[in-house]
Amino acid sequence: MKSFSKFTKYSVITFVILFILSCIANYIDRIDEFILLNIPIRKALFVCLLTVTGLLTALVCNSISVATFLTFWRLNSLKWSFFFKSLAKGLIIIIPLSIGIYFYDWYLREHIMAASVKQYIEIKEYGSPQNIEYDFSVNIDEFLSDFPSTLPKHKILFRIDSLKNIYRSNINACRQTLLQLPDSMATEAYKTYHLHDLGVEYRYAEKTTISNDSLCTIQNNILYQQATRLAENSTVLQRYLLEYYERSANTLWIYICYLILALSGFLLRYQPLKKILAALAILIFITYASITVNSYGKIYTHKVLKTVRKIENNQRNAYQKIHEKTKNSIKISSK
């Protein structure tokens, strides 16, 4: 019970410290943007808090790592049997935490990501999401559903399966088109369109009765369009696969951190200059954890900003068309 209380105390203290440092680092990192856009301090703090909340599972993994090291470094026994017993007892805490991390990453984080994007839209030139829906007849929730980071688990898995089927179909189409070309033209197209990198097996026609003009059309137009569709599909599929692995990473990472830091803490006990080494190890790890969390924050923020930029770029033309149609309809009705 004493070890459990120490573990809990170290975890809570480290988590609070990392959470506060992450909020401060996130605010400092974007303070120029907040000042440029004249964002109120309360609003800026809320945006930073929302961003760090999206990194909650990473913060938990880092705090568990520090707590594990300190707890096993201060064990009273040097016997390996005691180490393994303590390691097994610690799983009583780690397993529920990993389940909570899995639930959070898969069922809560997409809502936080969507809320973060809406907050960024609100502080950008378009105003609040409600105004966008009213002025441009765009459903912001449906619009956000095009981005993997805002989707629930079942939709991500469904889209991955669909994109894989489309990907295989596009590969087969490229293969069949290559079979219509002679070796020289097939080789040129295969290299130019980077079909090898896209997973297309090289093929060519040993004999062909198609005219040269038709062959040029197949090589320069048909195969080009097929390769373009295949590349676009591959890019979208990689985005969804990356999102899938990102949401699953922390569930596995907490076990890796627990095992490595428990062993490290136990091995460093009662060594010469133990206090200096332990203090140095803790300092290095906390610094590394802070940098890691801060980098996660930047990645997360970059993802949010990238999503917002896609929203702006994809919808700017749509907004202009909506306004043009509205103006035209007003002119027609006035006549």
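Using the beta-carbon distance between Ile256 and Asn221 and R0 = 41 Å, what value does 1/(1 + (r/R0)^6) give for FRET efficiency, to the nearest 0.05?
Calculated transfer efficiency: 0.25.
Can you give the extra length, in nm with one decimal, that the chain gains between Thr209 and Ile20 once fully stretched, where that is 0.36 nm per residue apart less the Cα-Cα distance?
Working it through step by step, the gained length comes to 60.9 nm.
Could you calculate the contour length gain from Arg175 to Val236, that is, 0.36 nm times the residue separation minus the distance between their Cα atoms, to one decimal place in nm?
Answer, rounded to one decimal: 19.9 nm.
Sort 36-46, 175-185 by the packing proxy (mean of other Cβ within 10 Å over each peptide's residues), most packed first.
Highest to lowest by the protection proxy: 175-185, 36-46.
With every protein chain kept in the model, how would you rank Ser214, Ser98 by accessible area, 1.4 Å probe, largest at the top?
Ser214, Ser98
Taking only the alpha-carbon positions of segment 216-256 and ignoring solvent, what does the Debye formula give for the base-10 log of I(q)/I(0) at q = 0.22 Å⁻¹?
These q points yield log10 I(q)/I(0) values of -0.71.
So which of Lys155/Lys191; Lys6/Lys79; Lys9/Lys85; Lys89/Lys155; Lys118/Lys153; Lys9/Lys79 end up more than 30 Å apart, counting from Cα to Cα?
Pairs exceeding the cut-off: Lys155/Lys191; Lys89/Lys155.
Taking the square root of 5 times each eigenvalue of the Cα gyration tensor, what semi-axes in Å does the equivalent ellipsoid of segment 53-114 have, largest first?
The answer is 31, 12, 5 Å, longest axis first.
Hey, with R₀ at 56 Å, roughly what FRET efficiency would Ile28 and Ile166 work out to, going by the Cβ-Cβ distance, to 0.05?
The calculated FRET efficiency here is 0.80.
The values are calculated or read from the model by the stated rules, or taken from the named source; none is laboratory data. Bear in mind the structure is a predicted one, so any value in this text is a computation, not a measurement. Positions of Cβ are generated from backbone atoms using ideal geometry, with glycine treated the same way; all protein chains shown enter the neighbour counts. For the accessible areas, the whole protein counts, side chains as well, though only heavy atoms, and no ligand, DNA or RNA atoms are used. Shrake-Rupley method; radii C 1.70, N 1.55, O 1.52, S 1.80 Å.
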